[in-house]
Amino acid sequence: MGQRSLVVGFVLVGLLGSGVSAAADEAHHGGGLRLEVTSGPARYVSGGAARVRVNVPPQVDPAAVRVSVNGADVTSAFGPDDQRSHALEGVVRDLPVGESTVEARVPRRPKAELRLVNHPITGPMFSGPQQPDFFCSTPAHLAGFDLAGPFLDNNCSLATQVGYYYRATAGSWLPFDRNAPRPGDMTTTTTSDGKTVDFVIRWERGTINRFIYTIAVLDPEGTGPADLRNWNRKLIYYFGGGVAIGHYQGSNNQSESRYVHGLGQGYAIAWSTGTKTNTHYNLVLGGETALMVKSRFVTEYADPEYTVGLGGSGGGIQQYVYGQNHHGLLDGAVPQYSYPDMVTQTIHVGDCELLERWMDLKVRDDPNSTWRTWSNRSLLEGLASSDTVANPYQPLTPWLATPGSTECVKGWRGLSPLVLNPKFGTAPGITPEQQARVEWTHWNDAVNVYGRDPATGFARSTWDNVGVQYGLKALLDRNITPAEFLDLNASVGGWKPPQDNVQEGCPFVTAACPADVDVWSQRNMTVPGANGVAPRTTGNIEAMRAAYRSGLVFDGRIDIPIIDWRHYLDAELDMHNARQSFASRQRMLDGQRSAANQVIWFTDARPARAFDQTPMALTVMDRWLTNLRAHPERGVVGNKPAEAVDSCFATDGTLIHRGADAWRGIIDRAAPGPCTQRFPIGGTSRTVAGGPFDEQLYKCALQPVELAFLRGVYGSWRPTRAEFDRLRQIFPSGVCDYTRPDAGRPR
C-alpha cells in the first residue's frame with residue numbers, strides 16, 4: 001500500500017475523524033473497476049509517464065481486465081499490485097503533452113475511465129511563466145553532483161545519470177566499481193528491517209522543472225529499481241534550507257541528498273535544488289517541483305508505503321506549506337528549526353535594521369543610552385539579545401564598544417537587502433551585465449504570485465509598517481519614556497520603494513569597504529520630512545491577498561502527522577528562534593481548531609549542539625505512519641504512538657519531560673509547564689508592538705489615535721496636548737487595531 005494509499009487510495013479518516021480522497025474526482029468508476037494515479041495528481045503528470053493502479057472488484061478476474069491509453073492497448077504494462085490485493089498496477093509511458101484518457105474494461109461491464117494531463121519535464125505545470133533570467137549551475141556546482149554536463153538546451157537540462165557509490169570508513173562517498181575487488185574501506189549498514197549489507201547506494205541525477213534532482217537508495221546488489229530488495233519501501237523527501245531569491249539552478253547539499261542515516265536504514269531519499277530554499281523561495285514553484293520529483297520516483301521505482309518530509313529551516317517551512325497545499329505529497333513531516341512560512345517572517349525581519357539603526361545612533365549620540373546594554377534591545381525587537389555574544393559588525397560601528405549582540409544582528413543582518421533591494425542580489429558565475437538586468441527581490445522571484453506594479457514595473461511587495469507603534473509594550477511597562485516612544489516612532493521610518501533603491505554598501509558589497517559603511521542599509525530607508533517624521537512603507541494589498549490565495553502563507557490547515565524538532569538556539573541569537581514552532585501551532589488552532597497532529601520537541605544546545613534527535617523522530621514517525629496505515633479509521637490523532645507527545649530533551653539527548661503539559665503557558669494562560677520553564681520563548685518587533693502571537697498579519701487595520709486612547713491602548717499614559725498632537729502627526733492615518741483581522745487577507 002503506497003504513499004497515496006494512505007491519503008488517496010482509501011478515503012483516509014483525517015485529523016478530526018473524517019477525510020476525503022485527494023484523487024476522488026479524478027477517477028471514474030465503471031462496473032466496480034476503479035482507476036487511480038499513484039504517482040501524483042492525475043492533472044499533474046510530468047515527463048510523459050505515470051504509475052496507474054486498477055482496483056478490481058472481488059468478483060472479477062484481474063486477468064480479464066484490459067487497459068488502454070488513448071485507445072491503444074497497454075495491458076502488457078500491467079501486472080499484480082504487490083501492495084494491494086486484487087489490483088493491477090503499471091506505468092503508462094509516451095504520453096503526449098496535454099490530455100490523455102486511460103480506460104480499464106472487462107467484458108459485459110461498464111468501463112472505468114481516467115483523464116491524465118501530462119506536462120513537459122522542464123515544466124511548468126501550474127507555477128506560471130518561468131523566469132527569463134535563469135542561470136545554469138556552474139561547473140563547480142555540477143561537480144558536487146558528480147556531473148559535468150553538457151547542458152542540452154536553454155532549460156539547463158542534463159542527461160539523466162546513474163552511478164553507484166559506497167560509504168567509506170573515512171565518512172565519504174566513493175565511486176563503486178562492481179567488477180573490481182571489494183574496497184577495503186567499504187562500510188556496512190544495518191537497515192530498519194535488520195539486514196546487514198554493504199553500504200552501497202544507487203544515485204540517480206538529472207533535471208526536472210529546470211532544477212537538478214537526485215534519488216538515492218540502498219542497492220548493494222546493483223539490481224536497480226526492478227528489484228530493490230534492501231529498500232524498506234519508505235521514502236524521505238529531504239527539503240533543503242537557506243535563503244535565496246532565485247534565478248539560479250542551484251548546488252548540492254551532500255548531507256541532504258545522500259542522507260547517511262536514512263540511506264543506512266533503508267529509506268530512499270528524494271531531493272532537488274528546486275526544493276532547497278537556498279536556491280529560491282517561490283514555494284509555488286517549489287511545491288510544483290516536489291510533485292514532479294516524487295512523480296519520477298513513484299513512476300520509475302515504486303509506490304512507497306509512505307513519504308515523510310525532512311529538512312530544516314526553509315526545509316521545515318516547505319513541509320508546513322506543501323503539507324497544507326498539496327494533499328498526498330507527504331504522509332508525515334519532520335520539520336527542523338522551522339517557521340510557519342517565509343513570507344510572514346519578512347514582516348518583523350524587515351523591522352530589524354530600522355530599529356537597530358535608531359538604537360545604534362542613540363548610543364553614538366549618548367554613550368550612556370539605554371541601548372548601550374544589548375539585552376535591552378529585546379524591549380523593541382522582541383527577539384533574543386545578549387550582553388556576551390560577539391558582534392562581528394562592531395568594528396564597523398566602533399562606538400558600540402560594549403560586548404553583546406541581538407538576533408536581528410547576528411541572525412538576520414543582510415537579509416533585508418537580499419529580500420528588498422532589487423540591485424543587491426547575484427548568482428554564481430554571472431557577469432556584471434547579467435547581474436544588472438535582474439530585479440533581485442523575493443517579490444520578483446515569485447512575481448507570478450505577487451504581480452507587478454503597473455506604474456513602476458517592479459514586482460509588488462507585501463511589506464508594510466503603517467500604523468505600527470514600535471515599542472508599545474515597553475511604553476506600557478514603563479521601560480521607555482513617552483518621549484522615547486514618540487521619537488522612535490517618528491524616526492524609525494520604513495523602506496523606500498524598489499525603484500528608488502541603490503546598491504548596498506559595506507559590509508554587503510566588499511568593494512565598498514572600508515569607506516562606504518552602511519550596516520543598516522540606511523541608504524534605502526525613508527528619511528524624515530520637514531515635520532521630522534520619516535514616512536512608513538505601504539504594502540500592496542493585492543500582493544498580500546495573492547500570497548494567501550497561492551498558499552505562500554501557512555494558514556494552519558494541515559492534517560498529517562508532524563514532529564517539529566529543533567535545538568534550542570535562542571541563547572546563540574540564531575535566527576531559528578524557538579517561538580516559531582508555537583506560531584505554527586497557534587495557526588493550526590486558529591485554522592482547524594486543533595493542533596493535536598503536531599508534536600513539538602526541543603533539545604537543549606547550551607553549551608553546544610551535541611545531540612541530533614532526528615533519528616528518534618524518524619523512528620517515532622515510522623510507528624505513527626505504520627499505525628495509520630493499519631488503522632486508518634482511527635485518524636491521525638488516534639494513531640499516535642506513546643512517544644509522539646510534546647517533549648524536551650537535555651543536551652545529551654536524554655528526556656527531561658514528556659507530556660501534554662510540557663509547553664503549557666506559551667499559547668495559553670496556564671502556569672508554565674516543565675519545558676516552558678526550561679526554554680524561555682521570545683517575541684518579535686510586532687508582538688511587542690501589540691501584534692498577534694502567530695505573526696500572521698501583513699497589514700493592520702487602523703484606528704484613529706483618539707479611539708486608541710479611549711480603548712486603553714496606551715495604558716496609564718496620559719499624553720499632554722503636545723504629545724497627543726505629535727502622535728497624530730506620526731500616525732496621520734491612525735494606529736494599528738489588532739482586534740481586527742489582517743487587512744491583507746482575502747475577504
Of all residues making up the range 452-487, the number that are within 21 Å of Asp725 (Cα to Cα) and of a type in the set (Asp, Glu): 2
Reported set for the range 190-225 where residues are of a type in the set (Val, Ile, Thr) and either more than 14 Å from Pro175 (Cα to Cα) or surrounded by fewer than 17 Cβ atoms within 10 Å (Cβ to Cβ) (or both) is Thr190, Thr191, Thr196, Val197, Thr207, Ile208, Ile212, Thr214, Ile215, Val217, Thr223
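Collect the residues in the range 178-196 that are more than 24 Å from Glu256 (Cα to Cα) and free of Cβ contacts under 8 Å to residues at least 24 places away in the same chain, keeping them in residue-number order.
The answer is Asn179, Ala180, Pro181, Arg182, Pro183, Gly184.
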Does Arg460 meet the test of being in contact with a strand residue (DSSP E or B) (Cβ under 8 Å, 6 or more places away or on another chain) and surrounded by fewer than 19 Cβ atoms within 10 Å (Cβ to Cβ)? no
Per the filter on the range 637-669, residues part of a loop (DSSP other than H, G, I, E, B), hydroxyl-bearing (Ser, Thr, Tyr) and either more than 14 Å from Phe602 (Cα to Cα) or open to solvent by less than 50 Å² (accessible area, probe 1.4 Å) (or both) are Thr651
Restricting to the range 142-177, and then to whatever is touching an Asp or Glu at 6+ places or on another chain (Cβ under 6 Å) and free of Cβ contacts under 8 Å to residues at least 40 places away in the same chain, can you tell me which residue is surrounded by the most Cβ atoms within 10 Å (Cβ to Cβ)? Ala168
Of all the residues that make up the range 253-280, how many are of a type outside the set (S, T, N, Q), touching a Gly at 6+ places or on another chain (Cβ under 8 Å), open to solvent by less than 10 Å² (accessible area, probe 1.4 Å) and not in a helix (DSSP H, G or I)? 3
Would you mind stating whether Tyr301 is farther than 30 Å from Asn179 by Cα, open to solvent by 10 Å² or more (accessible area, probe 1.4 Å) and either at pLDDT 95 or above or in contact with a Phe, Trp or Tyr (Cβ under 9 Å, 6 or more places away or on another chain) (or both)? no
Return yes when Trp231 is of a type outside the set (Ser, Thr, Tyr), assigned to a loop (DSSP other than H, G, I, E, B) and at pLDDT 95 or above and no when it is not. yes
Candidates Arg566, Arg557, Arg549, filtered to the one that is open to solvent by 40 Å² or more (accessible area, probe 1.4 Å), in contact with a helix residue (DSSP H, G or I) (Cβ under 7 Å, 6 or more places away or on another chain) and not acidic (Asp, Glu): Arg557
For Ala87, the lone unmet condition from (1) more than 23 Å from Arg296 (Cβ to Cβ); (2) open to solvent by less than 40 Å² (accessible area, probe 1.4 Å) is (1)
Of the numbered conditions (1) of a type outside the set (S, T, N, Q); (2) crowded, with 21+ Cβ neighbours inside 10 Å; (3) on the phi < 0 side of the Ramachandran plot, Glu695 satisfies every one except a single condition; which is it? (3)
Working only within the range 569-593, note down all residues that are out of contact with any helix residue (DSSP H, G or I) (no Cβ under 7 Å at 6 or more places or on another chain), open to solvent by 10 Å² or more (accessible area, probe 1.4 Å) and farther than 16 Å from Gln318 by Cα. Asp570, Ala571, Glu572, Asp574, Gln586, Leu589, Asp590, Gly591, Gln592, Arg593
Only residues in the range 611-633 that are touching a residue at least 12 places away in the same chain (Cβ under 8 Å) count as the first member; pair them with residues that are of a type in the set (Asp, Glu), Cβ under 7 angstrom, at least 6 apart or cross-chain, and list the lot. Phe611/Asp652; Val620/Glu643; Leu625/Asp331; Arg629/Glu305
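Yes/no matrix, rows are residues, columns are (1) at pLDDT 95 or above; (2) open to solvent by 50 Å² or more (accessible area, probe 1.4 Å); (3) in contact with a helix residue (DSSP H, G or I) (Cβ under 7 Å, 6 or more places away or on another chain); (4) closer than 16 Å to Lys294 by Cβ:
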| position | (1), (2), (3), (4) |
| --- | --- |
| Gly30 | no, no, no, no |
| Asn70 | yes, yes, no, no |
| Val92 | yes, no, yes, no |
| Thr101 | yes, no, no, no |
Does Met525 qualify as being open to solvent by less than 10 Å² (accessible area, probe 1.4 Å), touching a helix residue (DSSP H, G or I) at 6+ places or on another chain (Cβ under 8 Å) and at pLDDT 95 or above? yes
So which residues in the range 386-418 are in a loop (DSSP other than H, G, I, E, B), in contact with a helix residue (DSSP H, G or I) (Cβ under 7 Å, 6 or more places away or on another chain), closer than 21 Å to Gly350 by Cβ and open to solvent by less than 20 Å² (accessible area, probe 1.4 Å), if there are any at all? Thr397
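The values are calculated or read from the model by the stated rules, or taken from the named source; none is laboratory data. Worth saying up front: this structure is predicted, and the values here are computed from it rather than measured. As a convention, Cβ positions derive from the backbone with ideal geometry for all residues, glycine included, and neighbour counts pool all protein chains shown. Just the protein is used for accessible areas: all its heavy atoms, side chains included, with ligands, DNA and RNA removed. Shrake-Rupley method; radii C 1.70, N 1.55, O 1.52, S 1.80 Å.
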